[in-house]
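Report on the following structure.
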Amino acid sequence: MQNNSAGPVTDKRRLILDAAQHVFAENGFHTSTMDAVAEAAGVAKGTIYLYFKGKNELLIDLVDDRTGQLTDMILQGIATARDVPGKLLAIIEAHFEFYSIESEFMSLLSGQLGLLSSELEDRVVTGTAALTNMVLGVIEEGMAAGVLSSKVDPTRASYALQGMIHSVAYQWLSSGKSAPGSVVSEEVYTLFNSGIACSG
């Protein structure tokens, strides 16, 4: 549900989204209630329904909001990159910066996505389509320029990169960010771009 109003309305909507993220991550999506979200947000339950039709829409809008934030961060990084390798590194760095800020959202996705109904899971995945297409576009650009191997299907390559980022980010957060995000980003870039096999 989109709400283009400014000021207090936008602030209230974001307050509810932030509260929902905390409640869903803490209690699990299925066992969470709108009463719990309302209490966490400090609003009446009826207020939530002014912005969202129900719990499913609340989750979908939460994913849309967070992936929108991540997309903006990636676009900013890509805009300053000089070439495809720079764009790939910018994509990876943006993910780690985002997950460092929104570690609770990372926990929610990792713990709950597979537990959703197939219909709701499909809608959540659809909400991330723009992000997937952005990564795919950079990979296709690299293949066209001869920077990346065209022996690999670009769609599978884009999913492989995103899967690698997500898995490593989860381990990184679970370890208490045992290394700087910039270092881990470089490692993921090296793994994706060059692999770990010794040449020669």
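Derivation of every value follows stated rules applied to the coordinates shown; laboratory data play no part. Keep in mind the model is a prediction, meaning the values are calculated, not measured. Don't worry about glycine lacking a Cβ; one is built from the backbone with ideal geometry, like all the others, and counts go over all protein chains shown.
Quick look at the numbers
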| item | result |
| --- | --- |
| Residue satisfying all of: in the stretch 76-124; basic (Lys, Arg) and touching a residue at least 40 places away in the same chain (Cβ under 8 Å); nearest to LEU59 (Cα to Cα) among these | ARG123 |
| Residue match in the stretch 158-171 (condition: more than 16 Å from PHE98 (Cα to Cα), among the polar types (S, T, N, Q) and either touching a strand residue (DSSP E or B) at 6+ places or on another chain (Cβ under 6 Å) or surrounded by fewer than 18 Cβ atoms within 10 Å (Cβ to Cβ) (or both)) | no |
| Hits in the stretch 169-198 (condition: in a helix (DSSP H, G or I), out of contact with any Phe, Trp or Tyr (no Cβ under 6 Å at 6 or more places or on another chain) and more than 26 Å from GLU140 (Cβ to Cβ)) | TYR170, GLN171, TRP172, LEU173, SER174, SER182, VAL183 |
| Hits in the stretch 101-131 (condition: hydroxyl-bearing (Ser, Thr, Tyr) and surrounded by 16 or more Cβ atoms within 10 Å (Cβ to Cβ)) | SER103, SER107, SER110, THR128 |
| Close pairs from the stretch 49-66: first in contact (Cβ under 8 Å) with a residue 40 or more places away in the chain, partner buried (at least 20 other Cβ atoms within 10 Å of the Cβ) and of a type in the set (S, T, N, Q), Cβ under 7 Å, at least 6 apart | LEU62/GLN21 |
